[in-house]
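Heads up, the thing below is written out as structure tokens.
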Amino acid sequence: MEWRDTGIVLGSRRFGETGLILDAFTREHGRQSGFIHGGNSTKKRASFEVGTTLELEWRARNENQLGNFNLSEATANRAAMFMSSRLSLTALNSVTSLLNTSLPDGQAYPMLYDATEFVLDQLGDRELWPALMVSWEVGFLRTVGYGLDFSKCAVSGRKNGLTHVSPRTGRAACGEEVPEYVDKLLQLPEFLVNSEADASAEDIGKGFRLTGHFITNRLYAEAHKPPPGSRELMLRRLSDMEIVVF
């Protein structure tokens, strides 16, 4: 079996003396792992930095076998691009860690792949990417099966005035429709339901609290493991720089 695809490096680990096993999120073949002969050499390893986009060729005798990767030149070496920004690198690690620890092997998610490429390419713009990251996490959660629904109020069916989200169902609600339950609901920032709305530092904080609830208490709790520490580090640095207000 063999295929060719574009993929984002999610991680790598040494195998033997000089080999490397590479984990990648590919557009048409999902999360995939493959062996790279001599990949642990100093010269080659720089090509496999987390977040790098590569053109990949995968070969194996059958689909259940660990295949071999052959690689072309990197089309985007983002770790090198953001080396001078600890904040951007932490955001890069948060995205790739979430994907690497949550996606099933071999399941294609082309829309999530395209959204990931877009967000990673914006990490040099500190004014833009935090709000984009919240939206990306919403899409990520929907992709992996936690269908957050912000289309209408779960109580009245209204499509405007949505202000909160149920921490249990992930469905939106108008706070004024259920005043007795507002304190138990998660706040829904307007920019997640209205693309023309501005995203303030406080709104971005609300967004990360919303997605963080489902990432921590649903996605990872059901797998009996904690979420990646890189996400918490990203949020802490965003807060320290007052880009996000929690």
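For the chain, take the longest principal axis of its alpha carbons; what is the angle in degrees between that and the long axis of helix 86-102, to the nearest 10 within 0 to 90?
So the helix axis and the longest Cα principal axis differ by about 80 degrees.
Averaged over every viewing direction, what's the projected area of the C-alpha convex hull for the range 1-139? Give it in nm², one decimal, please.
8.1 nm²
Rank the residues 133, 1 as a footprinting-exposure proxy: fewest other Cβ atoms within 10 Å of their Cβ go first.
1, 133
Amide H neighbours of residue 12 under 5 Å, at least 5 residues apart or on other chains, H built in the peptide plane: list them.
Correct list: 23.
Taking the Cα centre as origin and putting +1 on Lys and Arg beta-carbons and -1 on Asp and Glu beta-carbons, what dipole magnitude results for the chain, to the nearest 20 debye?
Here the chain has a charge dipole of around 720 debye.
Which ordering of 27, 126, 14 is given by a fewest-first count of other beta-carbon atoms within 10 Å?
Fewest-to-most Cβ neighbours within 10 Å comes out as 14, 126, 27.
Among 203, 125, 105, determine the one that fluctuates most according to a GNM of the chain built with springs between C-alpha atoms less than 10 Å apart.
125
Given Cα positions, please report Rg to Rh for the range 148-216, the hydrodynamic radius being the Kirkwood one.
0.94
Amide H neighbours of residue 149 under 5 Å, counting only residues 5+ apart in sequence or on other chains, H built in-plane at 1.01 Å?
Counting only residues 5 or more places away or on other chains, the set is 171, 172.
How far, in degrees from 0 to 90, does helix 129-143 lean away from the longest principal axis of the Cα atoms of the chain, to the nearest 10?
It works out to around 80 degrees.
For a quick check: sort 49, 202, 196, 2 by the number of other beta carbons within 10 angstrom, fewest at the front.
In increasing order of surrounding Cβ atoms, one gets 196, 2, 202, 49.
May I ask you to derive the relative contact order of the chain, considering only C-alpha pairs under 8 Å and at least 6 residues apart, and to give it as an integer percent?
Computed over the chain, the figure is 15 percent.
When the C-alpha atoms of the chain are aligned to their principal axes, what extent does each axis show, in angstrom, from largest down?
62, 39, 32
Can you pull the three principal axis extents for the Cα set of the range 2-79, in Å, largest first?
That works out to 31, 28, 17 Å along the principal axes.
Bear in mind these aren't lab numbers, they're just calculated from the coordinates by the rules spelled out. Predicted model, so just to flag it, every value in this text is computed and none were measured. Quick reminder, even Gly has a Cβ in these numbers, built from the backbone with ideal geometry, and neighbours come from all protein chains shown.
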